[in-house]
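To start, the structure itself, in structure tokens.
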Amino acid sequence: MLCLMFNRMISIRSLLLSVFLLLMIFPLTVAVITYKKENEISQKQVSQYLLQTVEQTQRALDANLAEIDRLTWPLLYQQSLDFLDSPLESAYQLFQANQKFRDMMYMYLFRGRLDHIRDIYLITANQQVLSTNKLFYSFDQIESGHFRYIVDQLENQPLKMNWFSDKWAIFRSQEGFQTPIRESVTAVRKLNDSNTSQLRAYLFVQLNDRFISEIVGNVHIGSTGSFMISDAGGDVIYQQDSALFENPAMKETIRKLHKQGQGIQVVDSKWLLAYNTSSTSGWQMSAVVPLRELVVPNQRILQYLIIIAGLGTLIFVIVSVLLAMAISRPVIHLARLMSTTSIDNLHMRENVGSIREISILQRNFNRLRERIQQLLRDNEVQQKEKRDALLQAMQMQIQPHFLYNTLDTIYWMSKEYEADSISKLVTALGRFFRFTLHSGQEWTSMKKELDHVENYLQIQSFRYKDKLEYDIQMDPSLKNALVMPLILQPLVENALEHGIAKMSKGGKVSVNVTKEGDRVVLSVFNTGNGIDIEKAKKLLQSPDSSEHLGMRNVDQRIKMAFGPEYGIRFSPSQREGALVLVYIPFRTEVAG
Amino acid sequence: MNRFKLNTLMAAAFSLLVLWAVTGFVLLSRDMIDASTAPKAEAVVKVLIRTGTESAALRQIAQPFEQETGIKVQFIEVGRDSYFTAVGTQLFAGSNTFDVVLMPSTSIAQFASSKAILPLDRYIAMSGSASGEPVDIDDFLSVYRYNGSIYALPTDISTHFLYYRSDLIPKPPETWDELYEIAKTFTAGIHRNSPTRWGLVMPAVVPEEREKIFDSILWSFGGNIIGDDGQVLFDSKESIQSGEYLEKLMRESVVPGDLMSWDFARTRDALINGDVAMAAPYWNSAYPMIAQSSSPHKDHIRIALIPGVRDETGQVRRIPFQHGWTLSINASSTNQLGAWKFVEFATGKQGGMIYARNGGIPARRSILSAPEFRESRPDFALILKSLTIARSEPSLIYYPAMAEVQENALAKILTLFASPSDAFQDAAAELRNLSAHISVKVPERMGNNP
């Protein structure tokens, strides 16, 4: 293309290869742009999905917390805790109160959530303890610091259920059995007398770890991501097993997060952190997913695209080279052949290929060269014949004056000795030679040609004495018709040698010139033996035979001059004798 | 280029392009997210268990079961205090949050009658053809039927032992009276120089412990709650005598005053710590825990049959309590076949061996008498011996109500709130009231031979 731009010649192969390879750039460019865009969109979408996941998980957890909260609402009215008004002095009374409390908690309020409840305590205003845990029965067993902290916190929101992490548990019983179930958050509510608004008791609902893990345990943050829940004070309430949260940068970022609302941050350019804070509990859910995980599928797509592009490039290069070769090679070969074609290597042929347009070029080129070869051959033959005729004429012109002088001397001697027949013969012979020696001319008139034939017959009549008769007839309109010289003499000579000479009593030769349409017909008839026409035709077409050489020369000269429709014909119509016809076009002037 | 060459060339070019297209298709069709890290859906059997020795041993069965069947086991563990309420609530509510439930044999009638658990006969019949190893029913110490159908297979068998410090008490007491006397000797409140704080302890918490523990005393004295014919016997002379014995223990402070807060673990730990000289009646399952503990007293803590009452012939009548922990299939389970596979495996011989090696007491004769455990688990022999004389609680559809009445009566005695006579008479009246309103299913007794 550049070559074209700089107006230079370029090979067809280079052009095809350049175009094919340039075309490959477009899909590659499209692939790279698509990958980059898809990467951007993917990251945005994943960020949104991550935040949505956190938000929805938080919402599910809040619904769980709200349910626990609502289950305690029946305790807000006086009648529910009336059993506390009974005396709790004896062990049995305390047992009965505990039993009622336990029944109320397990049988009525939390019956459907028992698999999430670890213990439920009620600490009355006068520090009596009712507990579902038989090991916890005295206020002395309470961790007083935690209790005070919780009570203080409750004063901030006295009507609401408050949630505390395991760190603030007021009673820790020793595990009697191996169990994977652990204590978890505690829900605490202040219960006031609905009539007097005086503090009646604090209700502690200690939940186990399944309470949270059942809600969030099946939540997956991507493949390698993780999430944690922390309370408003930053204490961890739930955390998936992951080293992600052990990273100092991550810890610090989470610690500094706003304690309200939601958001997304990129931490250390390595992790995507989404957080959401619950308005119900104040718990903050933080989900972390390595950016690498988000990029990995896209990187994998890129890797595959690169592999596909690389493989495609290789295959396209191979295919382009092969196609360029397939298309350009015959063209190049043809062009090279055309540029190197000369007279010397016209015999070389171009193999015809399978591409239709190129094969047409190759076929026509081959035909062209064959035609040129044929024309060259024809021209060569003509030139050779011309040279031969010229040589012959020149040879014959070597000493014409000597020949004429000699014949003149003989003529005068025959006059001196009164030998009339000799003088006639010499006179005829002189005319014969004069015509013959001047036959190098291309055209002569019909009259001159017939005069020459008459001369020839006159000379031959001296040879054959009384055995030869001859008769020459011509349409007078044809006397100026142009004819090649010496075309009748070989025919008459044949008629004498093959016809009259073989007849003991001699014969007659008749020469007749007539016109048929635009053709002139010259007929030579002898009364001798007939002609084997098939044999005569074969001899006429056989270039190697020395027999009838003169007649064949006449035929070839006529065909070369006028075309194949003219020439010699043998007539089979004669019962005795032989008739040879010569057809030439009627012309009185030499064609342009 | 001739036609053959051109065709070959075109075919080669086309093949390369097809190869390229196929390669691209295959590569881009691959899952871009690593499948190994993606969450997978898998078959899961959820088993509801109670915190305790049974669940700890049962958890050990999960791994070989998962390896053998490819079914993952997920345990839902609920604390001992709320377990029975949770099980009843969820089964009656038609909850499908669990497939298999661990329950005491005494609860089977209640849940079977309400069709909350599945009869297992169909699965038991099927087991022979499917696995080639049919369930060996005869090997179980007991199976639990309701209306002729088996509803649960036992995974654990329990009975009561007497635990005593052999370094202090060379010969274990044979009667309750002997026990009382020895206990007094080793109670610091009575004998200041006693090496132990308490001469005797027993679990007395609710639910479950209090009335079950007392049953061994009640039956030894010849008392009963409800007779085989459905008659209430809790206020019989023999029953009241057993209550008076308990009252005596409390009144004389031979046992801790807060006995009602003593549970299995506290009793076990008191033995391990050397705080008590004896524990009776007390669960057999504590023995392997004590043996595996690092207590300096563990080699001195021995087990024996619970004491009894000597009759006129001089024979000591001992009737220890026995019950089984069984596995049943939740009728609302969405994976009943998987549930059966777990029940079959856990209660089978392979599961039983694993269970036994991890401190459990499988309810199979072949395992309890296996030579493998003869030395490592000397408690097995005593279990078999105890089971020959042991008795089960009646299988009643109102069993929880009956137990609650009994627990309340015992609480009155343990807190010295009422006399045994009053407490048991009140309880008997409540029981008669209960039985009058609820049809009694007496014949389906636990411990029936298979």
Legend entry - Nitroxide proxy distance, nm - points 7 Å out along Cα→Cβ at B:Ala12 and A:Glu143: 8.1
Inset, instruction - Just grab the label-to-label distance for A:Ser504 and A:Val30, each label 7 Å out from Cα along the Cβ direction, in nm (one decimal). - result: 10.7
Legend entry - Label-point separation in nm, A:Glu38 to B:Ser166, each point 7 Å along Cα→Cβ: 7.6
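Between B:Thr97 and A:Gln178, what FRET efficiency follows from the Cβ-Cβ distance if R0 is 22 Å, with the result rounded to 0.05?
My answer for the efficiency is 0.45.
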Legend entry - Tail fraction, Cα-Cα pairs, the protein assembly as shown, threshold 44 Å, whole percent: 62
Legend entry - Amide H contacts of B:Leu200 (H built 1.01 Å from N, under 5 Å, at least 5 apart or other chain): B:Ala277, B:Met278
Inset, instruction - Within the set of other residues whose C-beta is less than 15 Å from the C-beta of A:Lys479, count the net charge using Lys and Arg as +1 and Asp and Glu as -1. - result: -1
Legend entry - Loop-located GluC sites (Glu not before Pro) in segment A:38-92, at most 13 other Cβ atoms within 10 Å (DSSP): A:Glu89
Inset, instruction - Please give every one of the lysines within straight-line cross-link reach of A:Lys505, meaning a C-alpha to C-alpha distance under 23 Å, and leave out same-chain neighbours fewer than 8 residues apart. - result: A:Lys465, A:Lys467
Legend entry - Two-site FRET efficiency, B:Arg251 against B:Asp311, from Cβ-Cβ distance with R₀ of 30 Å, rounded to 0.05: 0.70
Legend entry - Exposed chymotrypsin sites (Phe, Trp or Tyr not before Pro) absent - longest run of chain A, DSSP non-H/G/I/E/B, at most 10 other C-beta within 10 Å: A:7-416
Inset, instruction - Provide the FRET efficiency to the nearest 0.05 for the A:Leu21-A:Arg292 pair, computing r from the beta carbons and using R0 = 56 Å. - result: 0.95
Legend entry - For chain B, built as a Gaussian network whose Cα springs stay under 10 Å, the top-fluctuating residue of B:Phe84, B:Phe161, B:Phe25: B:Phe25
Legend entry - Net length gained if the chain between A:Leu199 and A:Glu534 were fully extended (0.36 nm per residue, minus Cα distance): 105.5 nm
Legend entry - Length gained when the stretch A:Glu385-A:Asp420 is fully extended (0.36 nm per residue, less Cα-Cα span): 8.5 nm
Inset, instruction - Find out how many positive minus negative residues lie around A:Leu199, taking Lys and Arg as positive, Asp and Glu as negative, among other residues whose Cβ is under 9 Å from that of A:Leu199. - result: +1
Legend entry - segment A:424-430 - phi-based ³J(HN,Hα) in whole Hz, Karplus 6.51/-1.76/1.60, Gly and Pro as x: 4, 4, 5, 4, 5, 4, x
Legend entry - Gyration tensor (alpha-carbon) shape descriptor, segment B:68-175, a/c threshold 1.5: prolate
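Take every Cα pair under 8 Å in segment A:121-222 that's 6+ residues apart, average their separations, divide by the length, and report that relative contact order as a whole percent.
27
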Legend entry - Relative contact order for chain A, counting Cα pairs under 8 Å that sit 6 or more residues apart, in percent: 9
Inset, instruction - Excluding residues on the same chain fewer than 8 positions from B:Lys341, give the aspartates and glutamates whose Cα lies under 14 Å from its Cα. - result: B:Glu66, B:Glu68, B:Asp99, B:Asp121, B:Glu133
Inset, instruction - Per residue of segment A:507-512, in order, report the coupling 6.51 cos²θ - 1.76 cosθ + 1.60 (Karplus, θ = phi - 60°) as ³J(HN,Hα) in whole Hz, putting x for Gly and Pro. - result: x, 10, 10, 10, 10, 9
Inset, instruction - Would you please give the residues with an amide H less than 5 Å from that of A:Ile117, counting only those at least 5 places away or on a separate chain, with H modeled from the backbone geometry? - result: A:Asn208
Legend entry - Charge context of A:Asn162, other residues only, Cβ under 11 angstrom, K/R +1, D/E -1: -1
Inset, instruction - Work out the length of the dipole vector of chain B about its Cα centre, built from +1 on the beta-carbon of each Lys and Arg and -1 on the beta-carbon of each Asp and Glu, and round it to the nearest 20 debye. - result: 1420
Legend entry - Positive dipole terminus of segment A:439-585, leading residue within A:Tyr583, A:Ala561, A:Pro572 (C-beta point charges): A:Pro572
Legend entry - log₁₀ of I(q)/I(0) at q = 0.14, 0.22 Å⁻¹ - segment A:399-496, Debye sum with one point per alpha carbon: -0.59, -1.17
Legend entry - Segment A:Asp103-A:Lys270, length gained on full extension (0.36 nm per residue, minus Cα span): 54.8 nm
Inset, instruction - Let me have the relative contact order for chain B, percent, based on Cα pairs under 8 Å that are six or more residues apart. - result: 24
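Expressed in whole Å with the largest first, what are the equivalent ellipsoid semi-axes of chain B derived from the C-alpha gyration tensor as the square root of 5 times each eigenvalue?
Gyration-tensor ellipsoid for chain B: 55, 25, 19 Å.
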Inset, instruction - Using the Kyte-Doolittle scale, find the helices of chain B whose mean hydropathy is at least 0.5 and whose Cα atoms extend 18 Å or more along the helix's long axis, counting only whole DSSP H runs. - result: B:3-29
Inset, instruction - Enumerate the calculated ³J(HN,Hα) couplings along segment A:448-463 in order (Karplus 6.51 cos²θ - 1.76 cosθ + 1.60, θ = phi - 60°), each rounded to whole Hz, writing x wherever the residue is Gly or Pro. - result: 5, 5, 6, 4, 5, 5, 4, 3, 4, 5, 5, 5, 5, 5, 5, 6
Legend entry - Scaled radius of gyration (Cα, divided by 2.2 N^0.38 Å) that chain A gives: 2.66
Inset, instruction - Could you tell me which of B:Leu168, A:Thr514, B:Ser386 has its Cα farthest along the dipole of the protein assembly as shown towards the positive end, charges placed at Cβ (Lys, Arg +1; Asp, Glu -1), taken about the Cα centre? - result: A:Thr514
Inset, instruction - Please work out, to two decimal places, the log10 of the ratio I(q)/I(0) at q = 0.14 Å⁻¹ from a Debye calculation in which every Cα of segment A:450-586 carries one identical scatterer. - result: -0.62
Inset, instruction - List A:Ser197, B:Ser220 from most exposed to least, where exposure is judged by having the fewest other Cβ atoms within 10 Å. - result: A:Ser197, B:Ser220
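If we count trypsin sites (Lys or Arg not before Pro) as exposed when they sit in a DSSP loop and have at most 16 other beta carbons within 10 Å, what is the longest stretch of chain B that avoids them all?
In chain B, the maximal stretch lacking such sites is B:193-297.
FYI, it's all coordinate maths here, none of it is from the lab. What you are looking at is a predicted structure, and each value in this text was computed from that prediction instead of being measured. Using ideal geometry, Cβ is built from the backbone for each residue, glycine included, and neighbour counts are taken over all protein chains shown.
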